[in-house]
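Peer 1: Quick one: the structure is below, questions incoming.
The numbers here are math on the coordinates, done by the rules we state, and not lab data. Because the structure is predicted, anything quoted here is derived from the model rather than measured. When we count neighbours, we look across all protein chains shown, and the Cβ atoms used for this are built from the backbone with ideal geometry, even at glycine.
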Amino acid sequence: MNATPADNLDADETLGHFINGAAVADGGRSLPVTNPATGQVVRHVALAAKSTVEDAIAAAEAAFPSWRNTPPAKRAQVMFRFGQLLREHADAVVALLTEEHGKVLDDAMGEFGRGLEVVDYACGIPEMLKGEHSKNVGPGIDSWSEFQPLGVVAGITPFNFPAMVPMWMYPMAIACGNTFVLKPSEKDPSAPLYCARLLKEAGLPDGVFNIVNGDKEAVDTLLEDPRVQAISFVGSTPIAEYIYTTGTKNGKRVQALGGAKNHAVVMPDADIDNAVSALTGAAYGSCGERCMAISVAVCVGKETSDAVVGKLAAALDGLKVGDGTDTSNDMGPLVTREHYEKVRGYVDLGVDEGATLVVDGRDLSVPGREDGFFLGPCLFDQVTADMRIYQEEIFGPVLCVVRAESEEHAMQLIDGHEYGNGTCIFTRDGEAARYFADNIKVGMVGINVPLPVPVAYHSFGGWKRSLFGDLYAYGPDSVRFYTRRKTITQRWPSGGVREKAQFAFPSNQ
Ligand code: NAD
C-alpha cells in the first residue's frame, strides 16, 4: 500500500471519512487544507453532518460485540502488524505531516515515533487486562475483578500532532476491546486517514476504527449520542472544558487535555550553554506549536538572566526557518494564516505591554515561499506576570524571559499560573532539583530535561486547567480509562444441602 489517502486528489477535491472499513465520500460542507509553507490549498476536507457521524457510531456499535470477545492476544497481534506496517510506511505518513502541518521532516519523524511507541505498548495488552483474583474471600467463595471494555469510545484531536495524539488514544482503546470513532483536526486530516488504512491492512475488522472529519457539528454529535461511552479530547483549554462539562453531563467518561504555558527554570549553577541549547529546541521546535513547548524561561538572578538572554539571542541568529521539506531547516511555518496572525498579534501586544523584544521575527521572509505562514523566532525579556503574553498560551515561536530572585520565587510563579502541563529545571544542585520536582504543581517535570514527555509505558497529563478529568493519556492510565471494572464473587454450594436464609450482612468477622 503505497498510495496516500490524498492520492489522485486535486486541490478542489475532498477527503471524506473512513467508516466501517471503507472510504466514504461526502459532498456536503468542506474546508480547504493548506500547505502552510506555500500558502497553497492542497486539498479539501469534508465536514461531517450529524447523520454521517451517526453512521460511524452505528458501525462502531455493530463491530463491538465481536471485537469485545476477540481474545486479547489476537487483538495484540493486530497491533503488532499495525506497528510493522507503520514502520514500513513511515516516510509516507511523515511527508503528509510536513505537507499539512508544516513541521520539519525530522520533527515529524519524532512525532510519528512517539505515536508508534504507544502501538508497541498496546501489544502487551493481554498482560494488562489480567485482572485480580482472590481465592477464599469467604468459606468456599472466590472473587475476582476484571476489566471490561466500555463499548464505542471517541477521540477528538488537535492540529499540532496529527499522527501522534490520535495514537495516544485509539491503539490502547482498541486493544482494550473497544470500538473507536476519531474526529481529527480539520487543519491536517490526511495522516490519520492513512493510518486507518494501515490498521485495516493489519487485520482490524471493519467498524472497529472509524474516522469522521468535521468540526463542531461532528463533535457535538459525539458528545450527545448515548451510544458513545467515553471521550478522549486533546486541544485548547476552552474547548477541553466544554467537552468535559458537556460529555460528563451526558453521562460519559471524559478525559480532556487542554493548553499549556510551560516554564523552564534556569538556576544560577546550571550549565548555561547546555540549558540555552535545550531551551532553543524546546521553545522553537515545531514553531512552538507543542503543548509541551517551553514558552517561559524563568532565570534566577540578574547574572543568569543576562547570560541566558544573550546566548539565546545568539542561538536564534543561527536558526534556519523555511519549508519543512528542506532538511537543513530547523523550524517551519505556523499552521494557518489565521494562527500566524494570532501569534504575530501577541508579539505586537508584548511590545505594547512593555516587554523588551530582544529578537523580532516579524519581518522574516523566506525566499521562494513568500506566501507561507512564516514567523521568525521571537524572544522577549523583562516579561512580568501581569502581562497577557505571560498569562495566555501563544502557541508559536515566542519565548518570554521572566527574571526571578530565587527558586522559591520561580516556583511561586509556576504554581500561580492557570496551566500546569509541563515544566523543567536546569541546575547542578540535586537538593534544589528534588525540592522542585516534589513540590511544583505541574503534572510532568523535567530535571535538565526540557521536554519531559512521558514514554508510552508511563502516562501523559497535566494539572490545573491543562487537564479536565482524572486519568491521563496512554500508559497504565489508559487501561483504566478504556475499561470498566467488574467484580464477580462466586461459590458452588454442594448439591442437595438445604441452606437457610441469612439475614446478617455477610462478613468474615
Ligand atoms: P482546538 O481546541 O482548537 O481544537 C481541538 C479539536 O477540537 C479539533 O478537533 C477541533 O475540530 C475541535 N473543536 C474546535 N473548536 C470546537 C468547538 N467550538 N466545539 C467543538 N469542537 C471544537 O485546538 P487546536 O488549535 O487544534 O490545538 C492546539 C491546542 O491543543 C493548544 O491549546 C495546545 O496546547 C493543545 N494541546 C494540548 C495537548 C495536551 O496534551 N495537553 C497536546 C496537544 C495540543
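Peer 1: Order these peptides, 268-275, 257-264, by their mean beta-carbon neighbour count within 10 angstrom, highest first.
Peer 2: Averaged packing, sorted descending, gives the order 257-264, 268-275.
Peer 1: Mind pulling the angle between the C-alpha long axis of helix 90-101 and the longest principal axis of the chain? Nearest 10 degrees, somewhere in 0 to 90.
Peer 2: 60
Peer 1: Can you pull the one-decimal nm distance between simple spin-label points at D348 and R485, each 7 Å off the Cα toward Cβ?
Peer 2: My value for the distance between the label points is 5.4 nm.
Peer 1: Positive end of the dipole of the chain, charges at C-beta (+1 Lys, Arg; -1 Asp, Glu), about the Cα centre: which of F64, P32, P454 has its Cα farthest in that direction?
Peer 2: Checked the options; the winner is F64.
Peer 1: Of the options P397, V309, G354, report the single residue whose Cα projects farthest towards the positive end of the charge dipole of segment 262-447 (beta-carbon charges: Lys, Arg +1; Asp, Glu -1).
Peer 2: Most positive-ward Cα: P397.
Peer 1: Let me ask something additional. I need the fraction of alpha carbon pairs in the chain separated by more than 31 Å, rounded to a whole percent.
Peer 2: When all Cα pairs of the chain are counted, 48 percent exceed 31 Å.
Peer 1: Which is the longest part of the chain that has none of the GluC sites (Glu not before Pro) sitting in a DSSP loop with at most 10 other Cβ atoms within 10 Å?
Peer 2: Within the chain, the longest run free of exposed GluC sites (Glu not before Pro) spans 1-369.
Peer 1: When the Karplus curve 6.51 cos²θ - 1.76 cosθ + 1.60 is applied with θ = phi - 60°, which whole-Hz ³J(HN,Hα) does each residue of segment 72-83 get, with x for Gly and Pro?
Peer 2: For segment 72-83, the Karplus-derived couplings read x, 5, 6, 5, 5, 5, 4, 5, 4, 5, 4, x Hz, x marking Gly and Pro.
Peer 1: If you average the alpha carbon positions of segment 299-329 and of segment 167-232, how far apart do those two centres end up, in angstrom?
Peer 2: Rounded to whole Å, the Cα centres lie 39 Å apart.
Peer 1: Could I ask something else about it? Would you kindly calculate the mean projected area, averaged across all directions, of the convex hull enclosing the Cα atoms of segment 206-322, in square nanometres?
Peer 2: 11.0
Peer 1: Can I ask one more? So for segment 262-447: antiparallel DSSP bridges make up what percent, rounded to the nearest 5?
Peer 2: Roughly 10 percent of the beta bridges in segment 262-447 run antiparallel, per DSSP.
Peer 1: Here is a follow-up. What relative contact order, as a whole-number percentage, does the chain give when Cα pairs under 8 Å and 6 or more residues apart are counted?
Peer 2: Rounded, it is 18 percent for the chain.
Peer 1: Moving on. Over segment 262-447, what is the mean sequence separation of C-alpha contacts under 8 Å (at least six apart), divided by residue count, expressed as relative contact order in percent?
Peer 2: That works out to 28 percent.
Peer 1: Read phi for every residue in segment 292-300 and hand back ³J(HN,Hα) as whole Hz from Karplus 6.51 cos²θ - 1.76 cosθ + 1.60, θ = phi - 60°, with x for Gly and Pro.
Peer 2: Calculated HN-Hα couplings, in order: 9, 4, 7, 10, 9, 9, 9, 9, 8 Hz.
Peer 1: Rounded to the nearest 500, what is the 222 nm mean residue ellipticity of the chain from helices alone, with -39500 (n - 2.57) per DSSP H run of 4+ residues and division by all residues?
Peer 2: The per-residue figure over the chain is -12000 deg cm²/dmol.
Peer 1: Can you tell me the orientation of helix 190-201 relative to the chain, as the angle in degrees between its alpha-carbon axis and the longest Cα principal axis, to the nearest 10?
Peer 2: For 190-201 against the chain, the angle is about 30 degrees.
Peer 1: Next up: Within 10 Å of each residue's Cβ, count the other Cβ atoms and sort Y457, Y482 from fewest upward.
Peer 2: Result, fewest neighbours first: Y457, Y482.
Peer 1: Report, in whole Å, the centroid distance computed from the Cα atoms of segment 442-509 and segment 84-100.
Peer 2: First find each Cα centre; the distance between them is then 35 Å.
Peer 1: Filter K50/K187; K130/K261; K183/K464; K320/K441 down to the pairs with a C-alpha to C-alpha distance above 28 Å, please.
Peer 2: K130/K261; K320/K441
Peer 1: Here's another thing I want to ask about it. If the only charges are +1 at each Lys and Arg Cβ and -1 at each Asp and Glu Cβ, what is the size of the charge dipole of the chain around the Cα centre, to the nearest 20 debye?
Peer 2: That gives a dipole near 2640 debye.
Peer 1: Let me see the P(r) profile for segment 139-180: every Cα-Cα distance counted, bins of 5 Å, each bin given as a percent of all pairs.
Peer 2: With 5 Å bins starting at 0, P(r) equals 5, 20, 20, 15, 12, 8, 6, 5, 3, 3, 1, 0.
Peer 1: Using only the alpha-carbon atoms, what does segment 286-384 span along each of its principal axes? Please give whole angstrom values in decreasing order.
Peer 2: 42, 28, 25 Å, listed from the longest principal axis down.
Peer 1: In Å and on Cα atoms, what radius of gyration and Dmax does segment 363-438 show?
Peer 2: Rg then Dmax for segment 363-438, in Å: 16.5, 51.
Peer 1: Follow-up. Which of the three applies to segment 358-509, rounded, prolate or oblate, going by the alpha-carbon gyration tensor with a ≥ b ≥ c and a/c under 1.5 meaning rounded?
Peer 2: The shape class here is prolate.
Peer 1: Over the alpha-carbon set of segment 262-447, work out the extent along each principal axis and list the three values in angstrom, largest first.
Peer 2: Its Cα atoms span 51, 31, 29 Å along the three principal axes.
Peer 1: In whole Hz, with x marking every Gly and Pro, tabulate ³J(HN,Hα) for segment 38-43 from phi via Karplus 6.51 cos²θ - 1.76 cosθ + 1.60, θ = phi - 60°.
Peer 2: 10, x, 8, 6, 9, 5
Peer 1: Then there's this: By counting other Cβ atoms within 10 Å of each Cβ, how are D225, D326, D352 ranked from fewest to most?
Peer 2: Ranked by crowding around the Cβ, least crowded first: D352, D326, D225.
Peer 1: If you put +1 on each Lys and Arg Cβ and -1 on each Asp and Glu Cβ, how big is the dipole of segment 262-447 around its Cα centre, in Debye rounded to 20?
Peer 2: Roughly 260 debye for segment 262-447.
Peer 1: Name the long-range amide H neighbours of V137: under 5 Å, sequence gap of 5 or more, or other chain; modelled H, no Pro or chain starts.
Peer 2: It is D142, S143, by chain and number.
Peer 1: Oh, and also: Using only Cα atoms, find the angle between the long axis of helix 272-284 and the longest principal axis of the chain, and express it within 0 to 90 degrees, rounded to the nearest 10.
Peer 2: So the inclination is approximately 70 degrees.
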